[in-house]
Amino acid sequence: MLLTETTTDKHTEVLYKDDYTKVTYLPKKKVLICEALIDYIPIDDFKKVFQFITRAYPKLKVKKFIFDKQSLRIFHQPSMEWYFVNWKTYMYKKFDLRHHVKILPQNLPWFENTVKAGRKMIEEKYPNLHFNKLKIEYKSSLEEAIEA
C-alpha cells in the first residue's frame, strides 16, 4: 500500500493506493479525490480507504471531496449506507466537509438508478441526517468535477 508520493508535476499528491482505490490531493485546487480502480470494492477495503481519508484530512486544506466511481460495476448498498450514515456524518460534524462531487460510471443507467434508490432508502431510514446541509453534485468526468 502506497501512502505518499508526489508526482513530478508537483500539482498532485497521491496519498494512498491499494488494489481497489487511489486517493489523490490537488493542493492548489484544495480538492481531495478518491478513485475506485476496479469494478468492486469489498466493504472492509472500502472502509479502510475512507478511514485513511479521515486520518489524513486534518493535515490537508480541502474545500471539495470527489468520489470517482467510474470503474465500479457492482453497487453495494451496505457500503453506500456506511459511507452516508457514518463517514459523511463524521466528516461533516468534525471537519465541516460539505461539498461532495460524485462521478458515476458512464453509460450505465441502471447503476445511477440503483444509487438514487439506495440514497432514497437511506434518507427514509435516517430522516434526521444532514442531507440538506451537504452540497452533493454529480458530474460526468474528473475534469468537470474538479472545476465544479
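The values are calculated or read from the model by the stated rules, or taken from the named source; none is laboratory data. Keep in mind that what you see is a predicted model, and the values were worked out from it rather than measured. Backbone-built Cβ (ideal geometry, glycine too); neighbour counts: all protein chains shown.
A compact table of results
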item: Residue match in segment 66-83 (condition: of a type in the set (Asp, Glu) and within 21 Å of residue 32 (Cβ to Cβ)); result: yes
item: Among the candidates 95, 46, 65, residue that is crowded, with 16+ Cβ neighbours inside 10 Å, over 17 Å from residue 142 (Cα atoms) and aromatic (Phe, Trp, Tyr); result: 46
item: Filter result for residue 119 (within 14 Å of residue 32 (Cβ to Cβ), part of a helix (DSSP H, G or I), among the basic types (Lys, Arg) and without any contact (Cβ under 8 Å) to a residue 40 or more places away in the chain); result: no
item: Members of segment 100-111 that are surrounded by fewer than 16 Cβ atoms within 10 Å (Cβ to Cβ) and either touching a Lys or Arg at 6+ places or on another chain (Cβ under 8 Å) or within 27 Å of residue 29 (Cβ to Cβ) (or both); result: 106, 108
item: Where residue 82 falls short, out of the listed (1) assigned to a helix (DSSP H, G or I); (2) in contact (Cβ under 8 Å) with a residue 40 or more places away in the chain; (3) surrounded by 15 or more Cβ atoms within 10 Å (Cβ to Cβ); result: (2)
item: Selected residue (only one of 53, 38 is assigned to a loop (DSSP other than H, G, I, E, B) and without any contact (Cβ under 8 Å) to a residue 40 or more places away in the chain); result: 38
item: Residues of segment 1-27 classified as at pLDDT 95 or above, over 24 Å from residue 111 (Cα atoms) and basic (Lys, Arg), total; result: 1
item: Within segment 122-148, tally of residues that are in a loop (DSSP other than H, G, I, E, B) and without any contact (Cβ under 8 Å) to a residue 24 or more places away in the chain; result: 2
